[in-house]
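The values are calculated or read from the model by the stated rules, or taken from the named source; none is laboratory data. None of these values were measured; they are calculated from a predicted model. For neighbour counting, all protein chains shown are included, and Cβ atoms are generated from backbone atoms with ideal geometry for every residue, glycine included.
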Amino acid sequence: MELLGLYNYWAFAVVLMTGLYAVITKGNLIKKLIGLSIFQSAVFLLYITMNKVDGGTAPIVQKGVADQVFSNPLPQVLILTAIVVGISTTALGLAIVIRIKESYGTIEEHEVQNLDHDL
Amino acid sequence: MTSEFQILLSILLPLAGAVGIAITGRHYPNLREALTLFTAASLTAVVWTLLPELLAGERPSVRVAEMLPGLTIEFQVEPLGMLFAALASLLWIVNSIYSIGYMRGNNERHQTRFYVLFAVALSAVMGIAFAGNLLTLFIFYEVLTLSTYPLVAHKGDSKTVVSARTYLGILLATSIGLFLPAIIWTYQVAGTLDFTPGGILDGNLAGPAVGLLLALYVFGIGKAAVMPVHRWLPAAMVAPTPVSALLHAVAVVKAGVFTIIKVVVFIFGVEFLSTESSADWLLIAAAFTVIAASIVALRQSNLKRLLAYSTIAQLSYVVMAVAILKPLSEIGATIHIAAHAFGKITLFFAAGSIYTASKKTEIHQLRGIGRRMPWTMAAFTIGALSMIGVPPTAGFVSKWYILAGSFQSDNYIAIVTIIVSTALNAMYFLPIIFYAWFCREEVAPTNDHGEAPLAIVIALTATAALTVLLFLFNQPVLDLVSQPGGMSK
Amino acid sequence: MILTDHLPALQVVVPMLIAPLVVLMRVRGLPWAVATVTSLMAFAIAVGLTNTVLDSYSVTYEMGSWRAPYGIELHVTSFSALLLLIVTGASTLTLVAGKQSIDTEIGHDRQPLFYAAWLLALSGFTGIIVTGDAFNIFVFMEIASLASYVIIAAGSDRRVLPAVFKYLIMGTIGATFYLIGIGLIYMMTGTLNLADMEARIHEVGELRPILVAAGFITLGLALKAAVFPLHAWLPHSYTYAPHIVTAFLAACSTKVALYVLLRFDFLVFQQNLSTHEVQFTVFLMPLAVFAILIASGVAVFERNLKGLLAYSSLAQVGYILLGASLVSMPGLTAGLMHMFNHALAKGALFLAVACLGMRFTRLELVNLSGVARQMPWTMAAFVLAGLSLIGVPGTAGFISKWMLISAALQEGALGVALVAIIVVSSLLAVVYIWRVIELAYFGDPPEAGQSVNEAPVWLLVGTWVAALMNIYFGIIPSLPLSLASESAASLLQHLP
């Protein structure tokens, strides 16, 4: 049962590989970026998973309640930062794709390569 | 003027000259050439005034920088280096006079570049001669390679560039691929690279490793042209003749054998090598080169290529003399550096003189040319006799000492090699002399030429005279090299 | 409170705060001036920190006075000082020299944004170097990377766009791998502070997650550092980026990633993983060897000048890694020295390329035939820096190659093989540098009517400063040497 009990980690691995697969196989640059986002989301999942403490609640200290079990707040904070980084990356990626579309007229990787081949 | 300052000056002066030549060159060719001569003359003055101090037993040295602990840039003057520097600087004057005649007589392009790089090359030669350790020597060795490459490629057509690539390729590849690892290996085992009388490897290395390290040095020092790393020298013959004369008969190739002598005497140590049987191959390799190069020279039809192969043979003479590992032969090796320098530069001057006057480059074209160009061919004859070792020329003196050294150690390989090669030398030089003086021209040349320009004639007469003078007055040279701390301990 | 106490923080904060201000500056030339002054300030701070480090070994700084390991700790060692000098020095020199080159490649309306991104990149790089917190490294790494993508994409050739897209994808994958590794370590140790991490991994019973983390972190950073075969993003990005950007990034960006890699592998994992040497000798050393040989080989056949130099950079990354993978004091010192010396050589070479770029729109080698007659100063600087890259004695490159070879020779038979490889690749370097030199000096200019002038004086001065530094540090290498050997000692002090 222990293997199944770690289902969150299994999900992490599956999502990570799905994203990587998309990045590698897709020729469309937007799809590549989507794949990249999925890839990053997997890591978010990993961090969220590891902060959870069994039976833990939100880490808010209350008067009169002793010995409360808290989940670890730090990974959540970290992952907030990572999400911001991820968004910036995606935004910049999309901006580059727009410029590729402007100068090449296509966002298919192999077509872009062919267009440059003549240069 | 302190001697430390003089050492540095002898390296910086040609560089300063190069800058001056570059500035004046484009618009004032006369000033440029005057500057070349002036630089050469003042360099000679600076170098030669070091001589008395050296004869008095002083060993002036100067440390410029310490790169890593124990790894310094340092200069030290000792008799062998002194001889080399004195030789190169003196011949630079003569060669500059010759260059002026040659470059103008043939309307060569890029003359400024030619004079600038020549001065840089001479600076590197001074650095090699006065180097106080292997690293310093190596630095200037590479500078010499790099600065002479454009001189070899001077003509700039595709054939020349291919030859120049061979030149650079072999010299750089051997120096980086073999010489440098050898230096690093030495540093690893000995912890120093300083040239020390008696060597630094004794007790640090033994057995086959000694032979291997020696091989790395001998073949890594490609400038000494021990077969099979000799191919660059014939390739370098595409250069203008003054380059072949000073650099590829004197400065560059002598830098090679000079380095080998330095390595054998001051890194390995003569006594250490003579106890180590794994180093014996050097004598055989050198002897083989002497014979093989002489045979190849027999088959050459181009005069400059013949001289190039003759140079290869003569260089290995020096290496062989060193490998005999006897004091007398070491002295012979040193004198041979000077003797061959005077003789071979004369021969090259003559070849360039013939080319300038008549555009002839092949040996069979030279019938009867002695009558048209008596000065040139007289000088050529003296140079050739010196190569063979006939008195009254300098070649005789050095051969005498080398032979004496080989008899001292009953080294029959060396004795046989010297005899055979003398015969071979005679076989390829005497016919040229004979045809030039005693045959008639088969066809009259298209231009009814006489002697080459005056500057050329002056230069080759001077070097021919030096060849004879070294035979008559060799005592000062002997005094210099047989000093304690010099060649023999 | 003395200002000098806050130098580690100021190092990062100054460029970061000035960057958004630069965006607002619409006066022509002002963004450049402000960016240059800022970069100069960063350089001055780096010099100040180096002095302190040379005196007292290392400087720590608690951000917001939060005690480590809870707060973020800045930690400046001699290793960081070495990198700080490289990064801020490269940025300052390229900015000072490069104004005209940037003006020709980037329109004035876009310049405020360009310089802002440049300062962010600078801030990111310095942030990575000074911080002692693993997650903080990730954040700064992404700041530096995103800003680098932006300044690379400013290139005028459209081929820069697919190149930078590729860089973005691969760079992000690398950063994400790094993040996964950090997550795993945090799971096992509960700390993000590098120094603390080392101590706590000790107490961890089950080492397998740590091993996985080491794998992820090494791989992710190797991607960022363009370690062969993860280098695919680099050649085109460097080739088509604006010349000055290439000069800046080639001098420092891969080195910063290597810096993090070495810090992790030596400070955090070294003592804790019994298989640590295996990671280097079995995994990284072959990669370094392949990088050296293959990249040098490709450079020999490359037709674009910047592409040629980019492939050469890959080989040089191999040298640095090779030195480190010997896991010995001389080897590591040699690798770190090579970081510094290669930055000098490549910076000078790419600045010379920028000079050429002022006169030629396309930098294919064939276009440069005979250029030395028209641009003698540029090509002379190129030759000097090229000699340093080859490792000719008297130049900086020689020092590190010498050290690398003598370090390898201490490794017995393996070392001899490595020496052979270094020698072969040096000869390849001779060939590819010489191809350029021969063409420039002995080739015929393509058309007689087409004549070009020497590059602008200011750019030339910058190029020559960089070229002469190669000579200076080739003869008097005591500054980088003392930093490098001290860093190597501190990296190895945990060796069991």
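None of A:VAL77, A:VAL84, A:VAL53 is touching a Ser or Thr at 6+ places or on another chain (Cβ under 8 Å), within 30 Å of A:PHE12 (Cβ to Cβ) and exposed (fewer than 15 other Cβ atoms within 10 Å of the Cβ) except A:VAL53.
Being surrounded by fewer than 20 Cβ atoms within 10 Å (Cβ to Cβ) and within 22 Å of the chain's Cα centre (by Cα) narrows it down to one residue among C:ALA163, C:ALA232; which is it?
It is C:ALA232.
The helices (runs of 4 or more DSSP H) found entirely in region C:346-438 that carry 3 or more residues being closer than 24 Å to C:GLY297 by Cβ and either within 11 Å of chain B (Cβ to nearest Cβ) or among the aliphatic types (A, V, I, L, M) (or both) are C:376-390, C:396-409. If the condition is being touching a residue at least 60 places away in the same chain (Cβ under 8 Å), of a type outside the set (A, V, I, L, M) and either over 19 Å from B:CYS439 (Cα atoms) or part of a helix (DSSP H, G or I) (or both), then region B:360-370 contributes B:HIS364, B:GLY370.
How many residues are under 18 Å from B:GLU33 (Cβ atoms) and of a type in the set (A, V, I, L, M) if we restrict to region B:80-127?
Summing the residues that are under 18 Å from B:GLU33 (Cβ atoms) and of a type in the set (A, V, I, L, M) in region B:80-127 gives 12.
For region C:367-382, the criterion of a residue being hydroxyl-bearing (Ser, Thr, Tyr), in contact (Cβ under 8 Å) with a residue 12 or more places away in the chain and buried (at least 24 other Cβ atoms within 10 Å of the Cβ) is satisfied by at least one position. Of the residues making up region C:305-331, those that are modelled with pLDDT under 90 and either closer than 26 Å to C:SER369 by Cα or assigned to a loop (DSSP other than H, G, I, E, B) (or both) are C:LEU326, C:VAL327, C:SER328. Return the residues of region A:105-117 that are touching a residue at least 12 places away in the same chain (Cβ under 8 Å), in contact with a helix residue (DSSP H, G or I) (Cβ under 8 Å, 6 or more places away or on another chain) and more than 7 Å from chain C (Cβ to nearest Cβ); say none if nothing qualifies. Hits for region A:105-117 are A:ILE107, A:GLU108, A:GLU109. Beta carbons closer than 7 Å, at least 6 apart along the sequence or on distinct chains, pair a first residue in region C:129-145 that is closer than 23 Å to C:PHE114 by Cβ with a second that is not aromatic (Phe, Trp, Tyr) and not in a helix (DSSP H, G or I) for C:PHE140/C:THR131. Just so you know, in region A:67-78 the residues that are modelled with pLDDT of 85 or more and at the interface with another protein chain (Cβ under 9 Å from one of its Cβ atoms) include one that is nearest to C:LEU168 (Cα to Cα), and it is A:LEU78.
So is A:ALA91 out of contact with any Ser or Thr (no Cβ under 7 Å at 6 or more places or on another chain), within 24 Å of C:ILE180 (Cα to Cα), touching a residue at least 12 places away in the same chain (Cβ under 8 Å) and outside any loop (DSSP other than H, G, I, E, B) or not? Here the answer is no, as A:ALA91 does not meet what is asked.
Name the residue, out of B:LEU180, B:LEU151, B:LEU172, that is surrounded by 22 or more Cβ atoms within 10 Å (Cβ to Cβ), under 20 Å from C:ILE475 (Cβ atoms) and modelled with pLDDT under 90. Give the derivation first.
On the way: B:LEU151 fails: under 20 Å from C:ILE475 (Cβ atoms); B:LEU172 fails: under 20 Å from C:ILE475 (Cβ atoms).
On inspection, the qualifying residue turns out to be B:LEU180.
Reported count of residues in region B:373-402, each being within 27 Å of B:ALA455 (Cα to Cα) and of a type in the set (A, V, I, L, M), is 9.
Scanning region A:13-44 for residues that are farther than 18 Å from C:GLY174 by Cα and within 10 Å of chain C (Cβ to nearest Cβ) returns a single hit, A:LEU29. Checked against (1) without any contact (Cβ under 8 Å) to a residue 12 or more places away in the chain; (2) touching a Lys or Arg at 6+ places or on another chain (Cβ under 8 Å), C:ASP109 passes all but condition (2). Within region C:1-49, the residues that satisfy the criterion of being out of contact with any Ser or Thr (no Cβ under 9 Å at 6 or more places or on another chain), loosely packed, with under 15 Cβ neighbours inside 10 Å and closer than 20 Å to C:THR77 by Cα are C:LEU3, C:ASP5, C:HIS6. The number of residues in region B:154-163 that are facing chain C (nearest Cβ under 8 Å) and either closer than 22 Å to B:VAL229 by Cβ or in contact with a Cys (Cβ under 8 Å, 6 or more places away or on another chain) (or both) comes to 1.
For region C:60-67, check the following and say yes or no: at least one residue is in contact (Cβ under 8 Å) with a residue 40 or more places away in the chain, among the hydroxyl-bearing types (Ser, Thr, Tyr), over 23 Å from C:PHE266 (Cβ atoms) and not in a loop (DSSP other than H, G, I, E, B). No, that holds for no residue.
Evaluating C:LYS255 against the criteria (1) closer than 22 Å to C:GLU142 by Cα; (2) surrounded by fewer than 19 Cβ atoms within 10 Å (Cβ to Cβ) leaves one unmet condition, (2). Restricting the search to region B:138-153, which residues are touching a residue at least 40 places away in the same chain (Cβ under 8 Å) and more than 10 Å from chain C (Cβ to nearest Cβ)? Within region B:138-153, B:LEU144, B:THR148, B:LEU151, B:VAL152 qualify. Of the listed requirements (1) of a type outside the set (Phe, Trp, Tyr); (2) surrounded by 24 or more Cβ atoms within 10 Å (Cβ to Cβ); (3) out of contact with any Phe, Trp or Tyr (no Cβ under 7 Å at 6 or more places or on another chain); (4) within 14 Å of another protein chain (Cβ to nearest Cβ), B:VAL125 misses just one: (4). Of the helices (runs of 4 or more DSSP H) lying entirely inside region B:1-118, those containing at least 3 residues that are within 14 Å of another protein chain (Cβ to nearest Cβ) are B:3-25. Taking helices (runs of 4 or more DSSP H) as the structural unit, those lying wholly within region C:122-216 and holding at least 1 residues that are of a type outside the set (Val, Ile, Thr) and within 12 Å of chain A (Cβ to nearest Cβ) correspond to C:134-153, C:160-189. The number of residues in region B:54-90 being crowded, with 16+ Cβ neighbours inside 10 Å and on the phi > 0 side of the Ramachandran plot comes to 0.
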